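Heads up: the structure comes next, in structure tokens.
What follows draws every value from the coordinates through simple rules; no lab data is involved. Computed from a prediction, not measured in an experiment: that's the story for all the values here. Quick reminder, even Gly has a Cβ in these numbers, built from the backbone with ideal geometry, and neighbours come from all protein chains shown.
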């Protein structure tokens, strides 16, 4: 995969559940991390006393983080409503020349900040709330 522009990594939300996704506007940075909990099955006879893990046994999760400025009234309102409602929505993370990760997420944190001589910025973190799918491009 060749180098990609960071601005092409998109975060989209389906606010009303009809399958129509809105791109969250104003994002300056975004990231996604996948995690799997490990299940330690090490015992007194483990080879060389090295830790052993049970394959496929831990819970999987994903965390999406984004930061930016309020720029798009439609997506700004969707994000604000999801924060105050604690709602779980379908989200898509589109990674250029890689694929799309999709599934239910909840906004777990939302922070606003601003300097007296600058713009208001926000940071948000989404936590996966169910099974995610991956569709390769």
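With the requirement that a residue be surrounded by 11 or more Cβ atoms within 10 Å (Cβ to Cβ) and within 22 Å of the chain's Cα centre (by Cα), what does the range 41-59 give you?
58
Give me the pairs, please: first residue somewhere in the range 10-33 and more than 26 Å from residue 119 (Cβ to Cβ), second residue anywhere and not in a strand (DSSP E or B), beta-carbon distance under 7 Å, and either six or more positions apart or on two chains.
14/20; 14/21
Test of understanding: among 17, 58, which residue is in a loop (DSSP other than H, G, I, E, B), in contact with a strand residue (DSSP E or B) (Cβ under 9 Å, 6 or more places away or on another chain) and at negative phi?
58
What pairs come out if I take residues in the range 93-117 that are in contact (Cβ under 8 Å) with a residue 24 or more places away in the chain and on the phi > 0 side of the Ramachandran plot and pair them with residues that are surrounded by fewer than 16 Cβ atoms within 10 Å (Cβ to Cβ) and not in a strand (DSSP E or B) whose C-beta lies under 9 Å away, six or more apart or interchain?
Cβ pairs passing all conditions: 97/1; 97/2; 97/4; 97/8; 97/137; 99/137; 103/130; 103/131.
Would you mention how many residues in the range 24-55 are assigned to a strand (DSSP E or B) and closer than 19 Å to residue 132 by Cβ?
Summing the residues that are assigned to a strand (DSSP E or B) and closer than 19 Å to residue 132 by Cβ in the range 24-55 gives 7.
If only one of 90, 81, 73, 62 is in contact (Cβ under 8 Å) with a residue 60 or more places away in the chain, surrounded by fewer than 14 Cβ atoms within 10 Å (Cβ to Cβ) and closer than 30 Å to residue 119 by Cα, which one is it?
One residue alone meets the criteria, 81.
Restricting attention to the range 1-11, report how many residues are in a strand (DSSP E or B) and farther than 14 Å from residue 124 by Cβ.
Number satisfying all stated conditions: 1.
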